[in-house]
Amino acid sequence: MDTIEIQLFPPDITQLGITLTEPGDKIWEITLNKLGGQGVPGNGSANDIKNEIPTGAINGSNATFFSLYNFIPESVEVFLNGLKLKNITEYNTAGNTQITLNVSPTSTEYLIINYTKL
């Protein structure tokens, strides 16, 4: 089975409809409803935080952001405009709450993080 990860932007989207078709035939129709919000545990462990909007100004000059909870550094996933960034080459973590991007996002961009709480 193939798995597709979808990050919704802007983060205030509450429902997404998807129709998968082949020429002339509707194969699947899926409706996704948002169940959580900022910093809400995901479907895994109660310590899994999904779709958190980190604190820090998104203004084109700031590149340092902070999570709401302490995290396990190896668990951090960073998404900029829905695209998953690569650790080390596109962002780094420091301590258990700080994330520093290699490029400062502009005010029109969206930053979302996933991680496991300590």
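What follows draws every value from the coordinates through simple rules; no lab data is involved. These numbers were taken from a predicted model, which means no experiment stands behind them. No Cβ is skipped: glycine too gets one built from the backbone with ideal geometry, and neighbour counts run over all protein chains shown.
For LEU80, what charge total do you get from the other residues with a beta carbon under 13 Å from its beta carbon, if Lys and Arg give +1 and Asp and Glu give -1? All intermediate terms of the calculation are to be shown ahead of the outcome.
Values: positive: LYS84, LYS86; negative: GLU77, GLU90, GLU109.
So the surrounding residues net to -1.
Tell me, what are the semi-axes, in whole angstrom and largest first, of the equivalent ellipsoid of the range 41-91 as set by the roots of 5 times the Cα gyration tensor eigenvalues?
20, 13, 11
For the residue pair ASN59 and LYS86, what label-to-label distance in nm results when each label sits 7 Å from Cα along the Cα-to-beta-carbon direction?
Result for the modelled spin labels: 3.1 nm.
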